[in-house]
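Quick notes on the structure that follows.
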Amino acid sequence: AGGGGGGDDGDRSGAFGHGDLSHLGAGAAEWSGAGVDVVLNSLAGEEHISASLALLKPFGRFVELGKRDAYLDLPLRSSPFLRGLTFTSAHLDVLMLEMPRAARMLFEEVWRELPNLPRLPCTSYDLDKVNEALDFMARGVHIGKIL
């Protein structure tokens with residue numbers, strides 16, 4: 001979850017990791033209960049979604065990056081949305097198939113901005129440790145790239 005960039009908390013910014021829901025305590029402590037503007041989620045499971053939705057301030061945005069819950073056709077509780085929250089999915093593969101020109105424009109914009117973006121941390125594994133790397137990725141505790 002991360003926040004900033006809007007409302008009266010525009011001077012605050014932060015990003016919090018994910019994995020075992022303990023990240024939600026870090027987010028709550030950082031924001032002193034005010035909530036965050038945006039949650040980027042890639043973890044499956046109702047417990048992650050419910051806990052992350054609770055972190056959002058009124059009219060916050062939840063952006064789903066994963067697809068597992070959708071493929072399983074899992075229900076989404078609607079009561080959190082009484083606070084004016086927005087739920088959206090961001091699936092670049094669908095964008096490329098359905099709106100290729102828009103996808104190209106988006107990718108070109110990102111490409112131009114890449115030199116200005118902060119570098120992500122990298123965790124590297126030798127090829128003979130591929131199973132260890134996959135296990136690490138599956139736990140969902142990393143931030144950045146796994147090579």
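The values are calculated or read from the model by the stated rules, or taken from the named source; none is laboratory data. Bear in mind that the values here come from a model prediction, so they are computed numbers and not experimental data. Quick reminder, even Gly has a Cβ in these numbers, built from the backbone with ideal geometry, and neighbours come from all protein chains shown. Heads up: the accessible areas ignore ligands, DNA and RNA and are worked out on the full protein's heavy atoms, side chains in. Shrake-Rupley method; radii C 1.70, N 1.55, O 1.52, S 1.80 Å.
Structure summary
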item	result
Residue count, region 60-102 (criterion: polar (S, T, N, Q) and within 16 Å of the chain's Cα centre (by Cα))	3
Meets criteria (more than 21 Å from Pro121 (Cβ to Cβ), surrounded by 13 or more Cβ atoms within 10 Å (Cβ to Cβ) and at pLDDT 65 or above) for Ser52	yes
3 or more residues open to solvent by 70 Å² or more (accessible area, probe 1.4 Å) and not assigned by the TED database to the domain that holds Ala51: qualifying helices (runs of 4 or more DSSP H) within region 61-147	92-98, 100-113, 130-139
Every residue from region 38-59 that is over 13 Å from the mean Cα position of the chain (by Cα) and part of a strand (DSSP E or B)	Lys57, Pro58, Phe59
